[in-house]
Amino acid sequence: MLKKFIPFAYAQSIYEIPVDFYQKNDVSVLLIDLDNTLDSYRLDFPTERAKQLIMDLKKENIEPVLISNNGEKRVRKYAESLAVDCLPSARKPFSSKLKKYLKTRGIKNSETLLVGDQLMTDVLAAKGIGIRVILTEKIVKEDQWTTHFNRLLDRPIRRHLKKKGLLLDWRKRYGQE
């Protein structure tokens, strides 16, 4: 049962991972969870650090794609301000919409990686379609009310994974540790 929750790697934040990590791991498409991974769910427009990350990824020919369970209007507005594609209302942890998106775009699983802050949505969705996933901590304390239940389930599983040494720090995958 735990196997479906074990990510490819773990990071405190998406912002601590250098762009060449993705290059070294043959990632050409980076699926980025929006809320509490890239920015707060309260923001309609990206912060400067989010803009910089997206710019750095694009500069290195890594295509960032925002994915979110949040609604179309906000996610599209945020994505358009970064000039990136997005998949709003992704219905994570169900992977059918994500799988269809990748297939329609001709994106191979082997060149794709998802970064997200939740075991119950991001990790399960990625594992459901067979792509690598990096689990992060949430970047702001507050959560949407819809996320509270997921966090209750997430905490004990995350603690167990840490205790068993199953959350491999990204630096180990990078060869820095």
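Every read-out reported here was derived from the displayed coordinates using simple, explicitly stated rules and does not represent laboratory data. Owing to the predicted nature of the structure, the values given are computational and were not obtained by experimental measurement. Reconstructed Cβ throughout: ideal geometry from the backbone, glycine too, with neighbour counts over all protein chains shown.
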Sequence-distant residues sharing a close amide H with TYR41 (under 5 Å, placed H):
ASN36
How big is the C-alpha Rg of the stretch 79-119 next to the rule-of-thumb value 2.2 N^0.38 Å, as a ratio?
1.24
Here are some pairs, LYS24/LYS58; LYS4/LYS100; LYS103/LYS127; LYS4/LYS59; LYS3/LYS73; LYS77/LYS108; which of them have Cα atoms lying more than 24 Å apart in this structure?
LYS4/LYS59; LYS3/LYS73; LYS77/LYS108
Equivalent ellipsoid semi-axes - Cα gyration tensor, the stretch 1-51, angstrom
22, 17, 10
For ILE67, distant residues with modelled amide H under 5 Å away
ILE32, ASP33, LEU34, LEU87
Residues meeting the amide H criterion for VAL133 (H placed from the backbone, H to H distance under 5 Å, 5 or more places apart or on another chain) are PHE8, ALA9, LEU114
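Can you give the charge dipole size of the stretch 2-169 about its Cα centre, rounded to the nearest 20 debye, using +1 on the beta carbon of Lys and Arg and -1 on the beta carbon of Asp and Glu?
In debye, rounded to 20, the stretch 2-169 gives about 800.
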Report, largest value first, the span of the C-alpha coordinates of the chain along each principal axis, in whole Å.
41, 37, 31
Set Lys and Arg Cβ to +1 and Asp and Glu Cβ to -1, take the dipole of the chain about its Cα centre, and tell me which of ILE14, ALA79, GLY128 lies farthest positive.
GLY128
Label model pair THR104, SER28: point-to-point distance (7 angstrom along the Cα→beta-carbon line) in nm is 2.0
I need the phi-derived Karplus couplings for the stretch 64-72: 6.51 cos²θ - 1.76 cosθ + 1.60, θ = phi - 60°, integer Hz, Gly and Pro marked x.
x, 10, 7, 10, 7, 7, 6, x, 4
Within straight-line cross-link reach of LYS97, aspartates and glutamates at Cα separation under 15 Å, skipping those fewer than 8 residues along the same chain
ASP33, GLU72, ASP85, ASP122
Can you run phi through the Karplus equation (6.51, -1.76, 1.60; θ = phi - 60°) for the stretch 165-173 and list ³J(HN,Hα) in whole Hz, with x for Gly and Pro?
x, 9, 9, 6, 4, 4, 4, 5, 5
If each of ARG76 and GLU48 carries a label point 7 Å out from its Cα toward its Cβ, how far apart are those two points in nm?
3.1
